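Quick notes on the structure that follows.
Every read-out reported here was derived from the displayed coordinates using simple, explicitly stated rules and does not represent laboratory data. Because the structure is a prediction, the values reported are computed rather than measured. Cβ atoms come from the backbone with ideal geometry, glycine included; neighbour counts cover every protein chain shown.
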Amino acid sequence: MAARISRVLHRSLRETPPKAIGGEGVYLFAEDGRRVIDASGGAAVSCLGHQHPRVIAAMAKQASTLAYAHTAFFSSEPAEALADTLVGHEPGGLAYAYFVSGGSEAIEASIKLARQYFIERGEPQRQHFIARRQSYHGNTLGALAAGGNAWRRAPYAPLLSAAFSHVTPAFAYHEKHDGESDAQFVARLAAELEAEFQRLGPNTVAAFLAEPVVGATAGAVTAPAGYFKAMREICDRHGALLILDEVMCGMGRTGITHAWEQEGVAPDIQAIAKGLGGGYQPIGAMLASGRIIDTIRAGSGAFQHGHTYMAHPLACAAALAVQDVIREDRLLDYVKERGKQLEQHLVERFGNHRYVGDIRGRGLFWAIELVADRASRTSFDPALKLNQKIKAEAFANGLGCYPGGGTVDGVRGDHVLLAPPYIASAEEIDLIVDKLGTAVDNVLRSVNH
Ligand code: PLP
């Protein structure tokens, strides 16, 4: 019998993935009977695993009360309560939440809010945004312009805003020079950002945009100590805003609610998504500081932006339940503890591996990077599509992990990202590392390494 053609437009137009028919805890069940341990939470989404009973109960309650009301007419209790859990806790800090349907929308809103803020302050010339190479901020045209993957942007170049330029990321494994200390590396990156401000004209820059821990494009890359403080200082000196993208690394993923708390800086605007709703509903948010919103309130009085499904009551109720579970069950302590165990096991399994050049991450957000030669940090030939092969091999053996790297501005860094649910047990963490080790070795053997 001929295979049934899926009318769903999947990422691959050649293969249809198996249907997922259920889930429980860290596991997903496929229609073909396979049980897959969701070691990357999809793409760092499922922070509570699957079918968490308290989240499902909260969603059922909200669905039976009020699923949707348009924000042109109404607010809702779940939206108000979710905003109260997220913002307004520190004087002068992030004070308002703007709920959207995902990460790209949160980034779009962040860019537009920054622009509107400066227009209403009487600085309409602040039109430039500086982001970083090897970054991903979403797939809509504005977010794509912000992202620093040249190959991803190239096909759409004529459609993308020219308002974005990109500087070197704080990616020590590839960007730090031999013999350079962390402090020297930070100073060099700061000098580059300063030079970019000067090139554009310091009073034409609206914001610097970065991920505190880089997720999909580079694979759990943390910045050296002092980097974000240095970036913040440059923004402050020139009156520009700091926008942090915590779509992947935020909401507890690194062992603390916001990854920027570990950097000793706070953003003016922040994008969150994925772990906010844990995949139970599509939801993201832009968080904004009081000074930005107060300026607009005193000016035009309205943020010129909006979506049909913003502050969706059912989505907000699901996210509220996810955040309640994380707080009530003290899961961030668990993320720190399990994260140490994950790091230790990755180091044991891959620390001396001939083809693993780097093991990096924080909390329950880790990646291994594969290299053809450890000494020179030479990447494998991209044509081998190693990261995709490892993903497929792992999946066939019941492990979901997230491949990344791609041809990124000349740097090929095959990496595999792990972002297990915060509820993963010690045994499940062991199993993840074991299965990943087997997949990596099988694939390398099959490509004659
Ligand atoms: N920003 C970062 C850092 C991301 O990792 C992603 C998605 O992977 C996005 C933005 C875009 O989010 P979404 O896919 O929900 O639109």
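With 32 Å as the limit, the listed pairs Lys112/Lys389; Lys274/Lys389; Lys176/Lys340; Lys61/Lys340 have Lys112/Lys389; Lys61/Lys340 beyond it between alpha carbons.
The value obtained for the range 31-128, namely the Cα convex hull volume divided by the number of residues, is 193 Å³ per residue. When the alpha carbon coordinates of the range 274-406 are projected onto the principal axes, the ranges are 59, 35, 30 Å, largest first. For the peptides 237-243, 325-331, the ranking by mean Cβ contacts within 10 Å, running from highest to lowest, is 237-243, 325-331. Eigen-decomposition of the gyration tensor built on the alpha-carbon atoms of the chain gives equivalent ellipsoid semi-axes of 33, 29, 20 angstrom, largest listed first. Taking N as the residue count of the range 175-292, its C-alpha radius of gyration divided by 2.2 N^0.38 Å amounts to 1.12.
Given +1 at the Cβ of Lys and Arg, -1 at the Cβ of Asp and Glu and no other charges, the dipole of the range 57-328 around its Cα centre is 560 debye to the nearest 20. Using a cutoff of 8 angstrom between alpha carbon atoms and counting only pairs six or more residues apart, the relative contact order for the chain works out to 22 percent.
Once both labels are positioned 7 Å from their Cα atoms along Cα-to-Cβ, the gap between Thr295 and Arg152 label points is 2.8 nm.
For a protection proxy built on the mean count of beta-carbon atoms within 10 angstrom, sort 65-74, 338-347 highest first, please.
338-347, 65-74
Peptides 312-324, 30-42 ordered by packing proxy, namely the average of other Cβ atoms within 10 Å per residue, highest first: 312-324, 30-42.
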